[in-house]
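What follows is a single structure, written as structure tokens, with notes after it.
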Amino acid sequence: AADEHAQNSEEARRVAHDAAATAKEHIKTLEKQVEDANARADAMSKDASQSEQDLSSQLHAAQDEWSKISEDAGDKAIMIQSLQKQLHDIEGKAHEHKMRA
């Protein structure tokens, strides 16, 4: 009976040892998977950050271009108003000359 008890104890120790080794392997596998997932997440985060920076600089470039176009349009509108005033003045003087003649 004592011999059988010792044999059962040894078997239980071996089973526990095997289970612990298997658990350690699973933990190593999970740690590696977490490491890989973190590396992928970091890479995705950097890609997203780069894309955001690219879009931001494209937006700023478009805003600068719009400002130049808008400023140019404003300058042209002022020139048109000035030319219209000159034309109106010329037409007024021509009308005066016509009336005098």
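The values are calculated or read from the model by the stated rules, or taken from the named source; none is laboratory data. Please read these numbers as outputs of a predicted model, since none were measured by experiment. Don't worry about glycine lacking a Cβ; one is built from the backbone with ideal geometry, like all the others, and counts go over all protein chains shown. For the accessible areas, the whole protein counts, side chains as well, though only heavy atoms, and no ligand, DNA or RNA atoms are used. Shrake-Rupley method; radii C 1.70, N 1.55, O 1.52, S 1.80 Å.
For region 1-26, enumerate the residues that are open to solvent by 90 Å² or more (accessible area, probe 1.4 Å) and at pLDDT 95 or above.
If the condition is that a residue be open to solvent by 90 Å² or more (accessible area, probe 1.4 Å) and at pLDDT 95 or above, then LYS24, GLU25, HIS26 are the ones that fit.
Answer with yes or no whether GLN81 is over 26 Å from the mean Cα position of the chain (by Cα), open to solvent by 100 Å² or more (accessible area, probe 1.4 Å) and modelled with pLDDT of 95 or more.
It is true that GLN81 is over 26 Å from the mean Cα position of the chain (by Cα), open to solvent by 100 Å² or more (accessible area, probe 1.4 Å) and modelled with pLDDT of 95 or more.
Answer yes or no as to whether LYS46 is surrounded by 10 or more Cβ atoms within 10 Å (Cβ to Cβ) and in a helix (DSSP H, G or I).
So LYS46 passes the test.
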